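Heads up, the thing below is written out as structure tokens.
What follows draws every value from the coordinates through simple rules; no lab data is involved. Note that the structure is predicted; figures quoted are calculated from it, not measured. Here the Cβ positions follow ideal geometry from the backbone for every residue, glycine too, while neighbour counts run over all protein chains shown.
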Amino acid sequence: MTTVESHDVIVIGAGPAGQKAAIQAAKAGRSVALVEREARPGGACVLRGTIPSKTLHETASSLLRVARGETGLVRRGSGLGLPLSAMMARVDSVIDAHQRYMTDQVLRNGIELIHGRARFVAAHRVEVEAPAGGRRLVEAPVVVIATGSRPRDPDDVPVDHENIYDSDSILSLSWLPSSLTVLGGGVIASEYASIFAALGVEVIQIDRYPLPLGFMARPLVERFMAAFEEHGGRFVGPAEIAGVSFDGVAKVRTELRDGRVFETEKMLFALGRVANLDGLNVRAAGLEINARGLLDVDGNGQTLVPGVYAVGDVAGPPGLAASAMEQGRRAVRHALGLPESGLGELVPTGIYAIPEIAAVGLGSEAAAKAGREVVIGSAEFRELARAQICGNVGGLLRLVVDAADARILGVEIVGEGATEILHLGQAAVLGGWEVGMLVENVFNFPTMAEAYRVAALDVLARLPSPIGA
Amino acid sequence: MPPEVGDPSLATDQHSTIRSAIDEGRLRVPVLPEAASQVLALAGSPDCEARDLVEVIKRDQALMAHLLKVANSAMLAPEIPIVSLQLAVGRLGLARVRDIALAAALKAEVFRPGRHAALVRGYFRRALATAFYSQEIARQRRRNVELAFLAGLLRDVAAPAICALVGDDEPSDLGLDVLVDEFAPEASARMIESWRLPPVIAAVARRDRGSEEGGDQADLCASVALAAALAAEVLGAEGDEMGLAQAAVLNLYQDDVELLRGRGDHVLELVETCA
Ligand SMILES: Cc1cc2nc3c(=O)[nH]c(=O)nc-3n(C[C@H](O)[C@H](O)[C@H](O)COP(=O)(O)OP(=O)(O)OC[C@H]3O[C@@H](n4cnc5c(N)ncnc54)[C@H](O)[C@@H]3O)c2cc1C
């Protein structure tokens, strides 16, 4: 008879959501089993997503910076002819260091890391199969499902990982292709489209909407588009795909319903991801997979089955590592009856395209939709000495401020470094700062943070008196 | 009397012959025919175009004839006979034509049956099956498919050269196989280096996983070792437990390996087509 190992909490999946869930439970003094099918923790975030794509983003940005510095102009084609591996030379060591750090953190907290693939046999009991074939049973009153997601394998696009790639295989390319079609207009599609364009690849991005990144404020998307086009990229939308095929020789052919045809050397299919739920046998836990292929959860990540939680990509949007971590932490705090601070609700959005786009708090468009009276102040990067020095002049920062009490409600930024610069704005939103704080305080000079002062001055000039006086 | 397997004096003799041939650089490194080396060069080039490949192949009549034979073979079964190289590229795809051309070029020059012909033919089939299985594994694991093919194909590329050092009346096939197992890694790596192919291909031949655990080199080594084990299975050769154990190194689960085994018939068909 197989013995059953008991724990207080089982976490399935050691991506960002699962790790944070496990660490939260361990910090609360509970015994935790963290089950991961890969050899090391990290999840899609480390192995196939965030870290590899950000490494390439960094290389492309650096090449662009050098090119701009040399000539003052954007020079195309800076990466062509280089093997992709050379552009990602650091990625293995970055992944290795990150995984080492995470494994240490997990073990330091006394978490039992089980290498194997989990499968429910009952709501609170899980069978784990090791790669070599052994099986063990683990049970706990609290089970957190954090199995993440993977690229969708479409029926109508023949993804072969040789000519037509998905976001997992695209970085296995040996060389930069001369041309690339990117299908999709979401975060992953736009990041890769803009990175490859900046490296000199002729990129055609195709989507069914008129603009990519439709959930971001329009002015930011327009700046993104301007840079993308300056780098030789082309966005085609709204467009309906009629068919995709490899011509058998050297070109991937995309036909649109309106008769247009595009041919490029390679294609990246980046239209959607699916939750990793197959093989998990969630039915045995009393769970159903919903019509979108996800698990239904409440605000704390709890499923319909008491004590069983689902967090991160497996529970649906926004599909960001940062929110996945927060969901993991929150679910465990709820399961263990620990108080919630509410601070983690303000999760920023960061898109590592070229240029970067970032936002936090109330967006300008959401404010307008909600009928909230706000004042928006802008700072053009070209007005900043630091941006001039770096040749980073195409960016824009917008502050969304409450017209009634001048408090900062949200920040939106597009431009190089946006994902970092955002955090001062996040602190301002969290701290309920009045916009005047940004003007009265002295910042280092020259810095990109100065954009906040410039935008704040713009807000003050627009605010109705006497607040703006 | 023919020598017996495991005859210690004979084994020692052969051993030192091969050792010194490798150490002194006397191993016959086949000079690849121009077409083959150009196909190899194109295989590692960012801008290999159909035009270039067709030009290269056209210059080598034997290669071209072989390619057309493969393109018209039962497995690929074209409805209309393929009579030109352009049609073959159009029909099979640039990558496939490049693989076939490479295999054909190797067959003609490197795996040319001389001494121990049956054994050498077997090594060629093993190389092909390992290459095609490496591709399958790479595809399943979202790794580079072309590099995997090349690494699989060339892993034991020195096997025929080693056989050529051993007289016809010398050890049995089994004894020779043992010698090849021992010396092929080093000798193949040197050969690949002399052809100036990507260093990772030589590292795979040398079974050198590099210092970085889980790095690209270690990964490709383990993938090709697993491919060789699956290739042995599909060709009905002796089981290779060590090779199969690489599945765990690659974090492949039992059903992943079964999925790969399920591709065995496809791999075998490709081997028959190219061999
Ligand atoms: C190309 C790309 C770029 C991205 N860039 C960013 C970015 O810049 N910023 C950002 O915030 N987010 C980014 N993301 C999104 C981010 O990676 C995901 O939102 C995040 O990884 C989700 O975390 P998770 O823990 O829910 O799932 P995952 O990271 O997918 O982890 C799930 C883990 O569960 C394991 N698992 C699955 N099934 C089982 C099982 N049955 N048994 C045991 N283990 C199992 C998996 O092996 C995996 O390790 C990017 C994603 C991609 C693909």
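General observations
- Local charge for A:R136 was computed over the other residues whose Cβ lies under 9 Å away, with Lys and Arg +1 and Asp and Glu -1, and equals -2.
- As a rough footprinting exposure proxy, the listed residues A:I188, A:I408 were ranked by other beta carbons within 10 Å of their own, and the order from fewest upward is A:I188, A:I408.
- Estimated from the Cβ-Cβ distance and a Förster radius of 56 angstrom, the FRET efficiency linking A:A132 and A:R407 is about 0.45.
- Förster radius 60 Å - calculated FRET efficiency between A:V121 and A:R260, Cβ distance, rounded to 0.05: 0.70
- Overall form of chain A: oblate. Here a/c, set by the Cα gyration tensor axes a ≥ b ≥ c, is 1.5 or more, and a/b is not larger than b/c.
- Adding -39500 (n - 2.57) for every DSSP H run of four residues or longer, then dividing by how many residues chain A holds, sets the calculated 222 nm ellipticity at -9000 deg cm²/dmol.
- In loop segments of the stretch A:343-446 as defined by DSSP, the GluC sites (Glu not before Pro) with at most 15 further C-beta atoms inside 10 Å of their C-beta are A:E373.
- About the centre of its Cα atoms, the stretch B:190-275 shows a dipole size close to 440 debye [charges on the beta carbon of Lys, Arg (+1) and Asp, Glu (-1) only; nearest 20 debye].
- Listed residue (A:V429, A:F235, A:V305) projecting farthest to the positive dipole end of the protein assembly as shown, Cβ model: A:V429
- Each other residue within a Cβ distance under 11 Å of A:D313 adds +1 if Lys or Arg and -1 if Asp or Glu, for a net charge of +2.
- Residues A:F215, B:F132, arranged from fewest to most other Cβ atoms within 10 angstrom of their Cβ, appear as A:F215, B:F132.
- The Cβ shell under 14 Å around A:Y352 holds other residues with a net charge of -4, Lys and Arg each +1, Asp and Glu each -1.
- Given charges at beta-carbon only (K, R positive; D, E negative), |dipole| of chain A in Debye: 520 debye
- Potential extension, B:A117-B:D23 segment - 0.36 nm per residue separation minus Cα distance: 31.3 nm
- The stretch A:1-37 and the stretch A:296-350 have their alpha-carbon centroids 16 Å apart.
- Listing A:I12, B:I100 from fewest to most neighbouring C-beta atoms within 10 Å gives B:I100, A:I12.
- Note on B:Q254 and A:V4: with the Förster distance fixed at 22 Å, the Cβ-Cβ geometry gives a FRET efficiency of about 0.50.
- Positive-end residue of A:Y452, A:A331, A:A387, charge dipole of chain A with Cβ unit charges: A:A331
- With the charge dipole of the protein assembly as shown set up from +1 on Lys and Arg Cβ and -1 on Asp and Glu Cβ about the Cα centre, the Cα lying farthest toward the positive end among the listed residues A:Q205, A:V94, B:L85 is that of A:Q205.
- For the listed residue pairs A:K54/B:K107; A:K54/B:K58; A:K20/A:K369; A:K20/A:K54; A:K27/A:K54; A:K251/B:K107, the alpha carbons are over 32 angstrom apart in A:K54/B:K107; A:K54/B:K58; A:K20/A:K369.
- One chain, two ends: A:A284 and A:E383. Fully extended at 0.36 nm per residue, the span grows by 29.6 nm beyond their Cα-Cα distance.
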